[in-house]
Amino acid sequence: MLKQAVINFFLSIFKMYTGSNVFIYKYLIQMFTIIAVGLALTTSLVGCTMNAGLNSGHLPASGMFVADNGMRFHIQPLSLSTLPVSSSQSPSTISNQTIRSLIGQPQSANYYLNHGDILSINLVDYPDITNATNTNTDSPYASGFTIDQQGYIQFPLIGQIKAQGLSVSQFSAALKQRLQRYLKYPDPQVKVLNYRGSKFFIDGEVQGPGEFNIADAPVSLHSALSMAGGSTTEADTNSILLTRQGQSHHLGLRKLQKAGVSANQLYLQDGDSLHVNSQDRNKVYVLGEFGQVVPLEIPEQGLSLAHVLGESQGLNARTADAAKIYVIRDQAQTAMTDIYYVDMQTMTNIALASRFQMKADDIVYVDPTGLTRWSRLVSSILPSASVAALISGL
């Protein structure tokens, strides 16, 4: 009834201009149908350009260009000459002067006293002066001597004496020299009861994050991770941030190993902070015609472009254009984005892809074939074609 009402509406309009000629009525109805179908197809085609899927667009064969959005790109075909040097092949990210200085600093076996440390001081021939080693709670020194914020301790007979910055043996010698003014046989026995002066902090993907004391034995990067209970299953131990005196240094166990040094050679200092990043920050993203479109984590041994194709269940055999595989790599420090493309239809380029090492936040995109685009275009048009058939049957 609705269809008849629509027809009657248009017939009433046409009748105003054509009289009662039935043939003219039918002719006008057919013209109206053609116009409606044309408008529907036009709308569908416009929609198809937006919804037929991702596409690489019109890219130059090579060289620099600026996109419509203002971003600067450098595009180049992947070959042995254009193969970027990966961080695992170049130790520059770990062997620069700053990181080398952290690793190469000579570490003394002596521990230097710091404010907050608690000392046990016992005078062998004069036990009644301190009673530092017994359980006599009446003695103010029963719990030891705490180095104050200014680096001093308060000791009987002599008053204040500097302790901060001295080794235990140096402090013992200084204390003995001061006590010789009052005692005939001063022989102070000094040891550290509690190391509270030097600390480091560790958080992120470790089992037990928190604040830790640096005792008389130096604490290496490996030791620090062990003290925090080890890394979690989500940790990326090749992405560790060391903050020292306001400066940040990016470290990693594998990076250190590639540079020919050990994490046991890097010792922490008072106030150092370590943050172990998560593997979530170390992923490669795949888009387009893959068998499986999911982010891929970069393992400690690295991830090549060939591995990306394998881990993503290969290319979609029905829709992927193996001749158009792109790697998009943003270079924030240079405000430039690199685009590499490779034809994976040849065995030689598959071997080349195994040498291309992925970096965090890389995007790998596979273009669809022309037939796939056409199929998607037709699929978008079909609903409009059905509408046109309905109108034609009026």
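The values are calculated or read from the model by the stated rules, or taken from the named source; none is laboratory data. Keep in mind that what you see is a predicted model, and the values were worked out from it rather than measured. We place every Cβ from the backbone using ideal geometry, glycine too, and count neighbours over all the protein chains shown. We work out accessible area using only protein heavy atoms, side chains counted, and drop any ligands, DNA or RNA first. Shrake-Rupley method; radii C 1.70, N 1.55, O 1.52, S 1.80 Å.
For this structure, a couple of remarks:
- Most tightly packed first, judged by the mean number of other beta-carbon atoms within 10 Å of their residues, the peptides 286-293, 318-325 read 318-325, 286-293.
- For L303, the shell of other residues with beta-carbons less than 11 Å away shows a net charge of -2, using +1 for Lys and Arg and -1 for Asp and Glu.
- A 1.4 Å probe over all protein chains sorts M336, M347 by accessible area into M347, M336, starting with the largest.
- Put a dot 7 Å past the Cα of S278, heading toward its Cβ, do the same for Q301, and the two dots end up 2.6 nm apart.
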